[in-house]
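A short write-up of the structure that comes next.
The values are calculated or read from the model by the stated rules, or taken from the named source; none is laboratory data. Given the structure is predicted, the values throughout are model-derived calculations rather than measurements. No Cβ is skipped: glycine too gets one built from the backbone with ideal geometry, and neighbour counts run over all protein chains shown.
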Amino acid sequence: MTHRPGALEVIEANVDPGSWQSWDVPVVPVDRDPEYEKALFKARERSGTDEAVVTGRARIGGHDVALVVSEFRFLGGSIGRDAAERIVTAVRRATAERLPLIAAPSSGGTRMQEGTPAFVTMVDISRAVVEHKAAGLPYLVYLRHPTTGGVFASWGSLGHVTVAEPGALVGFLGPSVYEALNGRPFPDGVQVAENLVAKGVIDAVVTADQLADVAPRALTLLAGPLVRATDVTLDTAVVALARDPWDSIRLSRHPDRPGVRELLRVGAGDVVALSGTGAGEPGQGMVCALASFQGVACVVIGQDRRAQAREGPLGPGDLRAARRGMRLAQQLGRPLVCVVDTPGAELSAEAEERALAGEIARCLADLVQLTVPSVSVLLGEGCGGGALALLPSRARIAAEHAWLAPLPPEGASVILHGSTRLAADMARRQRVGSHELLTDGVVQAVVPEPVPAHENPEDFCRRVSAAIGAQLLQQLTAHRQRS
């Protein structure tokens, strides 16, 4: 049987030695049903804690954090009024002390012995978490086995970043309750952490001893200094050579042209990948991650051209995943980097019914309202509304062989000439290439490609990374000068 560490074991395994300070005050006994009192007494003996949660302050990887950790051996980690009051007190103290908050629930939900009065405390906990996030403070969640019911449906699902224990049972409905009510077992494999990552509900699976590695990396990007040591020069804008845009279009479609994942692997540091929308859509055609470019911490949303070719065109779920990244950047005051690289959005009845046009519009609206620094990068293909959705950042740059058009040139040729034979001519007439985009003010800088990107992908990614870092630094410097 797999050993599932208790609250104190999770704390000991992850915090910096000697840094743990408990915030818990002893629970004051009140008159309760004798059978319930007996159960509480046994729970204290079994768990070694006086309630189903342990709270306090510590350092993890040198970062000061507040912790709320469930103890499942205490009545299944269920939340009664005393446990809820302890959580609310800890969250509010973390907010007052400007501490990032890490919650590690393991709970069956509301404590049935206390019923509705305990049930409604989930509202109080959620309110405290929302206030913490509204203060611009990170909230990380580590879902442990099992996390179900009202805990998962409240403070367990509000994290900026949410990871889970391998194989953990995570879900709203307890499977034993489902079977008792319906006379048949709940389908296997649905409420398993790994499945929820694949479905875009949570971000990753992390073992208990790996939390001490993942949490500091996330906190460095979400709460650390915006800029660390960097030697980037600010002037990366060049005058793009006048090229035949049709040649660039063909090069942008080369199967080996590096995309957003290569850019993150080669050109970015401290990458922490996120998964989908966090609301049950995997967003496979859109990468969302925390990262840094040239020492500037940021949130990255990027269209994954290869995933779109493999899994299907850019759809509404991909755009909702992008909007999650936009919200994260705005909430925590982190710069946003948008990578455009798509042959076009999904054209289907399903996409229409799932509000594709509305999601493009909402991406545009969200981006133009951002108050944080932002950079859009035309990396390769930039076709149609799917590309436009990630374009309106404060600064826009393009790779030399990137392009932007309302339709593929073949489609534009069909509309105007009834066939694709004049696609190259349409590309020239529509001013889609990087030279024209720079001349027309659509982009402010062009990243040179001394050779096509697929011939030297690492050099290309480093060049793009330097251009991103320079644009972010320029905006941050301007902001400091204004304030």
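A few points about this structure:
- Unmet requirement for V141, which otherwise passes all of (1) farther than 21 Å from E9 by Cα; (2) free of Cβ contacts under 8 Å to residues at least 40 places away in the same chain: (1)
- Residue in region 277-300 that is out of contact with any helix residue (DSSP H, G or I) (no Cβ under 8 Å at 6 or more places or on another chain), assigned to a strand (DSSP E or B) and at pLDDT below 95 present: no
- For first residues located in region 111-136 and farther than 16 Å from G150 by Cα and touching a residue at least 24 places away in the same chain (Cβ under 8 Å), partners that are in a helix (DSSP H, G or I) and not aliphatic (A, V, I, L, M) and lie 6+ apart or on another chain with Cβ distances below 7 Å form the pairs E131/T95; H132/T95; K133/Q331; A135/T95; G136/Q331.
- Each residue in region 21-58 was checked for being within 33 Å of the chain's Cα centre (by Cα) and crowded, with 17+ Cβ neighbours inside 10 Å, and 8 of them qualify.
- The residues on offer are E436, E455, E410, E400, and the sole one that is surrounded by fewer than 16 Cβ atoms within 10 Å (Cβ to Cβ) and among the charged types (D, E, K, R) is E455.
- Scanning region 98-106 turns up at least one residue that is within 21 Å of L169 (Cβ to Cβ) and either more than 21 Å from the chain's Cα centre (by Cα) or surrounded by fewer than 24 Cβ atoms within 10 Å (Cβ to Cβ) (or both).
- Residues in region 452-483 that are at pLDDT 95 or above, over 18 Å from V299 (Cα atoms) and of a type in the set (A, V, I, L, M, F, W, C): A453, F460.
- Flag if T121 is among the polar types (S, T, N, Q), touching a Phe, Trp or Tyr at 6+ places or on another chain (Cβ under 7 Å), closer than 21 Å to R81 by Cβ and surrounded by 15 or more Cβ atoms within 10 Å (Cβ to Cβ): no
- Residues satisfying the stated conditions in region 184-230, i.e. surrounded by 15 or more Cβ atoms within 10 Å (Cβ to Cβ), part of a loop (DSSP other than H, G, I, E, B), at pLDDT 90 or above and β-branched (V, I, T): V201, I202, V206
- Filter result (crowded, with 24+ Cβ neighbours inside 10 Å and within 17 Å of L319 (Cβ to Cβ)) within region 378-397: E381, G382, C383, G386, A387, A389, L390
- Unmet criterion (only one of (1) at pLDDT below 95; (2) among the small types (G, A, S); (3) not in a loop (DSSP other than H, G, I, E, B)) for A237: (3)
- When region 64-79 is filtered for residues that are buried (at least 20 other Cβ atoms within 10 Å of the Cβ) and either touching a Leu at 6+ places or on another chain (Cβ under 9 Å) or modelled with pLDDT under 95 (or both), the ones remaining, listed by number, are V65, A66, L67, V68, V69, E71, F74, L75.
- The criterion of being of a type in the set (G, A, S), closer than 22 Å to V120 by Cα and in the same structural domain as A103 (by TED's automatic domain parsing) does not hold for A58.
- Selected residue (criterion: farthest from the chain's Cα centre (by Cα)) from residues of region 307-363 that are surrounded by fewer than 18 Cβ atoms within 10 Å (Cβ to Cβ), closer than 27 Å to H254 by Cα and of a type in the set (G, A, S): S348
- Pairing each residue of region 380-394 that is basic (K, R) with any residue that is assigned to a loop (DSSP other than H, G, I, E, B), provided the two are 6+ apart or on different chains, yields C-beta distances under 9 Å for R394/L370; R394/V372; R394/P373.
- Taking the criterion of being in contact (Cβ under 8 Å) with a residue 60 or more places away in the chain and β-branched (V, I, T), the residues of region 148-165 that qualify are V151, V161, T162.
- Among residues of region 166-190 that are in the same structural domain as T207 (by TED's automatic domain parsing) and over 18 Å from F152 (Cβ atoms), those with a beta-carbon under 7 Å from a residue that is surrounded by 15 or more Cβ atoms within 10 Å (Cβ to Cβ) and aromatic (F, W, Y) at least six positions away or on a different chain give the pairs E179/F186.
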